[in-house]
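Below: the structure, in C-alpha cells.
The values are calculated or read from the model by the stated rules, or taken from the named source; none is laboratory data. Keep in mind it's a predicted model, so treat the numbers as computed, not measured. Positions of Cβ are backbone-derived with ideal geometry, glycine not excepted, and every protein chain shown enters the neighbour counts.
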Ligand SMILES: [Zn+2]
Ligand SMILES: [Zn+2]
C-alpha cells in the first residue's frame, strides 16, 4: 500500500492513520517461508512541527523450527518503526534512516518488508537453554539424557593420540 502524504505536508500536527494486512507468505528468509499468515501493518504518518514522521507497528507470527531441537515454533512478533520522511536525502549518512517519498507517497509495504528482513534472526531457539538433539541417536535432550555413551571431546582425543604416538 502506498500512503499519500500530501494532505499533511503543509499542516503541522496533522496525522494520517493506516491499518491493513500485508501478505508476506512468499517472503523467503534463510531458505524458509516463515510468515504464512498476514502481517498486520498499522500506525500513522504525522507532520510534527513540519517534520514528516512515519510510525509503524508490525504484528505477525513467525512459523519456524527451533535451530537446536527442530521443534515447530509459532512466535508472535511485534516490531516498531519510527522514521523520518523527506522528498530527498541531502547527506549520504542519512540515506539509511530517511524514507524518500515518491511523488509525495511512501511505500508502506516496502518499509514493512525491509524492517522484517533486517530484524530476522538467522536462528531461533525454543528456549534460551534448549539442549538440542543428540548428534548420534537424535533424541530430544530436553526430555532427559539419552542412552548414548558420553561424548569424547575431539580436541582431547587428538591430544591423547599425540601422547600415544610419542610413547
Ligand atoms: Zn529447542
Ligand atoms: Zn543419544
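Being under 17 Å from residue 9 (Cβ atoms) and surrounded by fewer than 11 Cβ atoms within 10 Å (Cβ to Cβ) is the requirement here; does residue 123 meet it? Break it down into steps so the answer makes sense when it comes.
Numbers: under 17 Å from residue 9 (Cβ atoms): no; surrounded by fewer than 11 Cβ atoms within 10 Å (Cβ to Cβ): yes.
No; evaluated as a whole, the condition is false for this residue.
Within the stretch 71-79, is there a residue that is over 30 Å from residue 127 (Cβ atoms), touching a helix residue (DSSP H, G or I) at 6+ places or on another chain (Cβ under 8 Å) and either touching a residue at least 60 places away in the same chain (Cβ under 8 Å) or surrounded by 13 or more Cβ atoms within 10 Å (Cβ to Cβ) (or both)?
First, the residues of the stretch 71-79 that are over 30 Å from residue 127 (Cβ atoms): none.
Taking every residue of the stretch 71-79 in turn, none turns out to be over 30 Å from residue 127 (Cβ atoms), touching a helix residue (DSSP H, G or I) at 6+ places or on another chain (Cβ under 8 Å) and either touching a residue at least 60 places away in the same chain (Cβ under 8 Å) or surrounded by 13 or more Cβ atoms within 10 Å (Cβ to Cβ) (or both).
Out of 106, 117, which single residue is part of a strand (DSSP E or B), away from ligand 1 (no atom under 16 Å from the Cβ), assigned by TED's automatic domain parsing to the domain that holds residue 58 and at pLDDT 85 or above?
On the way: 117 fails: part of a strand (DSSP E or B).
Matching residue, one of 106, 117: 106.
Suppose the filter is under 19 Å from the mean Cα position of the chain (by Cα) and within 16 Å of ligand 1 (Cβ to nearest atom); does residue 122 pass it? Explain how you work it out, then say what you get.
Working: under 19 Å from the mean Cα position of the chain (by Cα): yes; within 16 Å of ligand 1 (Cβ to nearest atom): yes.
Yes.
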